Amino acid sequence: MQQENNTEESEKGIEIASDGDVFLVVGPKEARIRVSSRSMMGASKPFFAMFNPDWNEGRNLLSQDEPVDVHLPEDDPEALKLICAIIHHRNEAVPRKLSPVEVFRVAVAADKYDCISVLKFASETWLRLREMNAQDMAFLTTAAYILWNAEAFKVLTKALVLSYDGPYLALCCEQIESAMTWRVFCLLEGQRSLARLDLADILQSGINAGDCCHRCGWNSKYAYAYLRLLQNNGLRPTQLVNISKAINSVGLLPDPVPEERSTDCTYGYKHTPPEYKKDRRWQVERLESNTGLCLFCVREGEGNPSHCSIDHSP
Ligand SMILES: [Zn+2]
Ligand SMILES: [Zn+2]
């Protein structure tokens, strides 16, 4: 994480609160972060317990004029510095942009100190989907999971289903596994399989788009032209590997132009070329909007949709 100019860092340490009564001594390199115990206690139960007069660190605080060192050797100094800055309302010291791994590390630290609610506003920007590789997307998805941000979780899991075509297992690493249930990757796998089948079904349904039932050949000449069109554009069912790319190709697909002639038909005056694009567009839009996981269903189990922030109606 980049050092912000507005956070005073000196030999004494990082002064989040210049008159703070505590130095958090964080990580193996012992980064020193000066904070106010009162602010930390108000934002986090674990810090409340740590600085409460009934506990050791709390007793030390009462008996000394100088700031007291509190050692947190296993914690992440950069993540904790950022959380402390937010708790002390030092907004100028909080970057608007963080890398996905940095957001993940902050989320893990906030979860450990039971203060994810203080990150609510800052994390809205950090969790936004942008151009990134699939591994980073998995870190950001895990951060949204930890921070209970259902909207970001839905958007990020949707991107993982539609844009990623590799194995989800390859994205799972020790850090992610320790913070998010592996069930998410199984659910993504299931949703991606269904989305591929759904897209294949939408495309195949165009074969039956002709509207004459009098065996005049009108339907079959359109069906044949349509099948050739799918084949020439890499849209056969087995070619639908990357769903996002396939959806882009579908958007660019022209209507089929039959080369064969149909026979004379008594109801020829009723023949109208099928409206492939119109019929397809809403079905693809429905597929896209139904994709993505509901955080509440994942974390609390399905069957109680009243808790969900996402509409599950078909
Ligand atoms: Zn006909
Ligand atoms: Zn739900």
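The values are calculated or read from the model by the stated rules, or taken from the named source; none is laboratory data. The shown structure was predicted, so the numbers you read here are calculated from the model rather than taken from an experiment. Cβ placement follows ideal geometry from the backbone for every residue including glycine, while neighbour counts extend to all protein chains displayed. Side chains are part of the model used for accessible areas, which takes the heavy atoms of the whole protein and leaves out ligands, DNA and RNA. Shrake-Rupley method; radii C 1.70, N 1.55, O 1.52, S 1.80 Å.
How many residues are touching an Asp or Glu at 6+ places or on another chain (Cβ under 8 Å) and over 25 Å from Arg196 (Cα atoms) if we restrict to the stretch 148-177?
1
Could you list all residues from the stretch 117-171 that are free of Cβ contacts under 8 Å to residues at least 40 places away in the same chain, open to solvent by 40 Å² or more (accessible area, probe 1.4 Å) and either basic (Lys, Arg) or in contact with a Gly (Cβ under 9 Å, 6 or more places away or on another chain) (or both)?
Lys120, Arg128, Arg130
Out of everything in the stretch 240-272 that is at pLDDT below 90 and among the charged types (D, E, K, R), what residue ends up being nearest to the chain's Cα centre (by Cα)?
Checked the stretch 240-272; the qualifying residue nearest to the chain's Cα centre (by Cα) is Glu259.
Say we look at the stretch 66-116 and pick out the residues that are under 14 Å from Ala144 (Cα atoms) and of a type in the set (Asp, Glu); which of these is surrounded by the most Cβ atoms within 10 Å (Cβ to Cβ)?
Going through the qualifying residues, I end up with Glu102.
Looking at the stretch 11-33, which of its residues are surrounded by fewer than 21 Cβ atoms within 10 Å (Cβ to Cβ) and within 17 Å of Glu92 (Cβ to Cβ)?
Across the stretch 11-33, the qualifying residues are Glu15, Ser18.
Considering each residue of the stretch 172-186, count those that are free of Cβ contacts under 8 Å to residues at least 12 places away in the same chain and among the basic types (Lys, Arg), and give that number.
So the count comes out to 0.
Check Phe153, Phe121 and return the single one that is among the aromatic types (Phe, Trp, Tyr) and modelled with pLDDT of 95 or more.
None of the others qualify; the one that does is Phe153.
Among the residues of the stretch 273-284, is there at least one that is within 37 Å of the chain's Cα centre (by Cα), more than 20 Å from Gln191 (Cα to Cα), modelled with pLDDT under 85 and more than 16 Å from ligand 2 (Cβ to nearest atom)?
yes
Could you list, in sequence order, the residues of the stretch 221-260 that are in contact (Cβ under 8 Å) with a residue 40 or more places away in the chain and within 16 Å of ligand 1 (Cβ to nearest atom)?
Lys221, Tyr222, Glu260
Quick one: count up the residues across the stretch 285-307 that are surrounded by 16 or more Cβ atoms within 10 Å (Cβ to Cβ) and within 16 Å of ligand 2 (Cβ to nearest atom).
9
Please determine whether any residue of the stretch 255-271 is open to solvent by 70 Å² or more (accessible area, probe 1.4 Å), outside any loop (DSSP other than H, G, I, E, B) and farther than 21 Å from Gly234 by Cα.
Yes, that holds for at least one residue.
From Leu230, Leu235, Leu203, Leu197, which residue is of a type in the set (A, V, I, L, M, F, W, C), more than 22 Å from the chain's Cα centre (by Cα) and assigned to a loop (DSSP other than H, G, I, E, B)? Please lay out each step first, then the result.
Working: Leu230 fails: assigned to a loop (DSSP other than H, G, I, E, B); Leu203 fails: assigned to a loop (DSSP other than H, G, I, E, B); Leu197 fails: assigned to a loop (DSSP other than H, G, I, E, B).
Unique residue meeting the criteria: Leu235.
Looking for whichever is more than 26 Å from Met180 (Cα to Cα) and open to solvent by less than 70 Å² (accessible area, probe 1.4 Å) here; the options are Ser313, Ser244. Which one fits?
Checking each option against the conditions leaves just Ser313.
Would it be correct to say that Asp211 is open to solvent by 30 Å² or more (accessible area, probe 1.4 Å), acidic (Asp, Glu) and not in a helix (DSSP H, G or I)?
yes
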